[in-house]
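For reference, the structure discussed in these notes is given below.
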Amino acid sequence: MAKTSTSFFCKNCGASSAKWVGKCPSCGEWNSFVEEVIHKEKEEFKSTWKESNKGRSNKPIAIKDVEEGNEIRIQIQDKELSRVLGGGIVPGSVVLIGGEPGIGKSTLLLQIALQFKDLKVLYISGEESEAQIKMRAERIPFSNDNCYLYTETSTQKIGKALKEAEPDIVVVDSIQTLQSDLIDSTPGSISQIKETAGDMIRFAKETGVPVFLIGHITKDGTLAGPKLLEHMVDTVLQFEGDRHHVYRILRSTKNRFGSTNEIGIYEMQSAGLREVSNPSEILISQRDEALSGVTISATLEGMRPLLIETQALVSAAVYGTPQRNSNGYDAKRLNMLLAILEKKCGLKMGLQDVFINIAGGLRIEDPGIDLGIVAAIVSSYENVSVDSKIAFIGEVGLSGEIRAVNRIEQRIAEAEKLGFKTVYLSKFNKLPSSNQKIKIIQVSKLDEMLSYLFG
Ligand code: TYD
Ligand code: MG
């Protein structure tokens with residue numbers, strides 16, 4: 001039997017050390033070293049596969065000699081994923097998709113695999129049997145005769161299969177189940193993840209075949225395994241949403257080949273994930289009567305304008321310290337808006353509990369929804385509803401001034417398209433052409449807007 005040896009690894013950056021240390025010399029994290037069994041280096045995962053000219057060149061090359069347009073992307077039918085990736089898959093890229101159990105990571109990637117018509121996809125699963133995957137595939141309304149399943153966890157065996165199959169696209173479900181024979185520690189441990197991810201990345205770079213890795217996340221919502229994993233791959237996507245709701249959001253947190261602002265929205269149905277191409281329609285709830293504390297804001301997610309519903313509930317605080325709770329909106333910003341309302345508009349917010357919710361489980365960082373949030377808070381405070389055909393766009397400054405926001409034309413156009421009659425925005429936003437039918441009310445101060453709305 002091979003002699004076992006152990007080594008210590010940093011949970012944060014993956015650095016190794018022969019003995020335990022309290023502070024990682026590499027990333028400075030405290031108490032992050034764990035012991036793992038290893039025995040090293042006999043045989044390599046090995047580049048026995050056919051190296052392709054699509055892969056990375058291993059000689060230095062003058063920047064002027066690099067051919068442009070080398071980056072021809074593989075087109076994907078799924079528009080949401082395509083946009084989040086920055087317009088298709090870059091050959092040789094490695095994409096890591098993380099998300100809670102049961103959120104739909106396997107469904108999403110199986111569905112993508114089945115959408116390719118002429119490309120050979122190898123779906124490697126260490127989590128489910130072929131029969132289980134087949135059962136899932138039956139529910140999805142796509143089929144690809146060129147999609148192969150392989151249930152294996154050893155990267156050495158996977159390496160051989162990759163050589164034989166010569167796939168065009170590889171999916172690994174999940175990186176935490178893979179295991180390298182060169183290391184004795186259990187699958188999912190830091191040294192295993194580091195090694196197996198390294199193997200898959202080397203394969204992608206040498207052959208030019210894109211690889212999708214599914215990753216588990218830990219209880220606190222970060223990807224399980226060393227932080228290093230995120231540095232190693234080209235793109236990190238998060239698949240989020242509430243398991244009990246049908247909407248799922250695909251968000252990119254790192255992308256070497258595109259913007260990280262884009263999101264993709266899906267709806268989980270009995271026949272797999274459906275792309276939601278017009279999210280505004282689903283994010284705004286249908287209501288018959290006017291409700292207080294509900295307003296609509298026009299925001300942007302990446303390049304896409306989006307109308308969202310901002311909800312507020314203001315009620316007299318029963319305990320000494322009023323509660324402030326915010327779902328989908330920055331809690332510090334909420335406190336700031338409340339202080340502005342108190343100081344500049346004379347509303348007694350200090351005695352009120354305030355709850356904010358962005359409908360649909362979205363998380364919005366765009367300060368352009370401040371105005372809608374303020375209108376919702378005051379609407380709930382005064383118990384007066386705001387006309388449901390009004391949309392709000394604007395950032396609120398510390399002295400109660402309403403500031404201009406970017407890409408105003410698109411936001412207005414989206415509101416108009418969805419049948420809104422009036423839009424409130426900053427006086428300092430330059431308006432595009434004046435041929436829109438929607439009524440535009442420009443305000444410079446918060447109290448000016450509040451007196452329009454609530455008299
Ligand atoms: P899954 O892809 O297995 O999640 P993950 O890989 O992230 O753990 O998704 C599992 C959930 O999705 C499961 O609760 C059932 C549901 N589902 C549907 O609602 N419709 C479908 O067509 C499929 C395939 C799954
Ligand atoms: Mg799964």
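What follows is calculated from the coordinates using simple rules that are stated; it is not laboratory data. Note that the coordinates shown come from a computational prediction; the quantities given were computed from them, not determined experimentally. Glycine also receives a Cβ, built like all others from the backbone with ideal geometry; neighbour counts cover every protein chain displayed.
A few remarks follow.
- Cα lying deepest toward the dipole's positive end in the chain, options Met336, Ile265, Ser379, charges on Cβ: Met336
- In summary, the convex hull built on the alpha carbon positions of the stretch 193-288 has an orientation-averaged projected area of 8.6 nm².
- Whether the stretch 282-454 is rounded, prolate or oblate, judged on the alpha carbon gyration tensor where a/c under 1.5 counts as rounded: prolate
- At most 15 other Cβ within 10 Å, DSSP loop - GluC sites (Glu not before Pro), the stretch 283-334: Glu289
- For the chain, a crude dipole built from +1 on the beta carbon of Lys and Arg and -1 on the beta carbon of Asp and Glu, taken about the Cα centre, is about 760 debye to the nearest 20.
- The chain: relative contact order in percent, alpha carbon pairs under 8 Å with at least 6 residues between: 13
- Anisotropy class of the stretch 75-277 from Cα gyration tensor, a/c 1.5 cut: rounded
- Treating r as the C-beta distance of Glu409 and Lys343 and R0 as 30 Å, the FRET efficiency rounds to 0.35.
- For Val209, residues with placed amide H under 5 Å, excluding near neighbours: Gly92
- Other-chain or far-sequence residues with amide H under 5 Å of Asp168's (modelled H): Lys120, Val121, Leu122
- A simple spin-label model places pseudo-atoms 7 Å from Cα toward Cβ; at Arg139 and Asn383 they are separated by 4.6 nm.
- Of the trypsin sites (Lys or Arg not before Pro) found in the stretch 178-285, those that fall in a DSSP loop while having at most 10 other beta-carbon atoms within 10 Å are Lys219.
- For the chain, the longest principal axis of the alpha carbon atoms and the long axis of helix 155-165 meet at an angle near 90°.
- For the stretch 108-153: rounded, prolate or oblate by the Cα gyration tensor [a/c cutoff 1.5]: oblate
- FRET efficiency, Leu398 to Ala316 (Cβ-Cβ, R0 30 Å, nearest 0.05): 0.70
- Whole-Hz Karplus values for the stretch 313-319 come out as 10, 10, 9, 4, 6, 8, 9 Hz, taken residue by residue from phi with 6.51 cos²θ - 1.76 cosθ + 1.60 and θ = phi - 60°; glycine and proline positions read x.
- Rounded to 10°, Cα long-axis angle of helix 370-382 versus longest principal axis of the chain: 50
- Annotation: Cα Rg of the chain relative to the compact-globule expectation 2.2 N^0.38 Å equals 1.16.
- Trypsin sites (Lys or Arg not before Pro) restricted to the stretch 76-162 and DSSP loop, no more than 13 other C-beta within 10 Å: Lys117
- Using a cut-off of 22 Å between Cα atoms, the listed pairs Lys11/Lys157; Lys23/Lys332; Lys19/Lys194 include Lys11/Lys157; Lys23/Lys332 as exceeding that distance.
- Rounded to 10°, Cα long-axis angle of helix 190-207 versus longest principal axis of the chain: 80
- Each other residue within a Cβ distance under 13 Å of Arg136 adds +1 if Lys or Arg and -1 if Asp or Glu, for a net charge of -2.
- As a length-normalised measure over Cα pairs under 8 Å and 6 or more apart, the relative contact order of the stretch 75-277 settles at 30 percent.
- For the chain, the cysteines with no partner cysteine C-beta closer than 4.7 Å are Cys147, Cys345.
- Most simply put, the chain has about 55% antiparallel DSSP beta bridges, counting only bridges with both residues inside it.
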